[in-house]
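The values are calculated or read from the model by the stated rules, or taken from the named source; none is laboratory data. Predicted model only: the values in this text are computed from it and were never measured. In this analysis, Cβ positions are derived from the backbone assuming ideal geometry, glycine residues included, and neighbour counts consider all displayed protein chains. To get the accessible areas, we keep the full protein, side chains included, count just its heavy atoms, and leave off ligands, DNA and RNA. Shrake-Rupley method; radii C 1.70, N 1.55, O 1.52, S 1.80 Å.
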Amino acid sequence: QTTHVAPCGGRIHAAAVRLLISGIAVFLAVATIPGLEADSFGAGVAAVLVLTVLNLLLRPILMILTLPLIVLSLGLFLVVLNALLLELTAYVVKGFTVTGFWPAVGGALVISIVSSFLNFLTGDYRQVEIRAAEPRQPKIINPPE
């Protein structure tokens with residue numbers, strides 16, 4: 001029986017899938033939420049890349065810093081955090097605009113819901129091989145004399 005091992009343990013494939021999911025979510029948010037606009041396809045792609053990098057680098061730090069607010073709001077502050085990251089993305093990417101806080105909140109909600117749904121659909125269902133260990137003989141501590 002031969003098995004195929006993916007290069008880098010499949011991490012590149014997983015990252016590409018996550019980037020594609022983020023792209024679909026951002027473009028769906030731009031298409032459905034008034035106040036989110038991308039002037040061109042390139043601006044939309046740039047927004048996806050910048051938002052992905054911000055989520056990778058900045059979001060964990062912000063989550064630690066705002067943990068009390070997240071707990072007190074029962075997680076609802078995460079939507080505000082995502083909206084702020086979306087506004088920061090619009091600030092960084094020329095041609096991607098967010099016209100206010102509420103469109104950012106709406107966009108963050110759409111991106112979160114679509115990303116969660118698509119991540120659920122494309123979940124990692126790799127089979128894990130479980131090997132039974134050979135039973136060991138018990139070690140006799142006090143052998144009979």
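Ordering Ala133, Val50, Pro60 by Cα displacement along the dipole of the chain toward the positive end leaves Ala133 in first place; charges were set at the Cβ atoms of Lys, Arg (+1) and Asp, Glu (-1). The order of Val105, Val71 by accessible area, most exposed first and with a 1.4 Å probe, is Val71, Val105.
Taking each DSSP H run with n ≥ 4 as -39500 (n - 2.57) and averaging over every residue of the chain yields -21000 deg cm²/dmol at 222 nm. Peptide packing: for 51-57, 41-47, the average count of neighbouring Cβ atoms within 10 Å per residue gives the ranking 41-47, 51-57, highest mean first. Considering only Ser22, Ser116, Ser73, the mean-square fluctuation computed in a Gaussian network model of the chain, springs between alpha carbons under 10 angstrom, is largest for Ser73.
Computed on the chain, with alpha-carbon pairs under 8 angstrom and 6+ residues apart, the relative contact order is 30 percent. Relative to the dominant Cα principal axis of the chain, helix 41-65 is inclined by about 60°.
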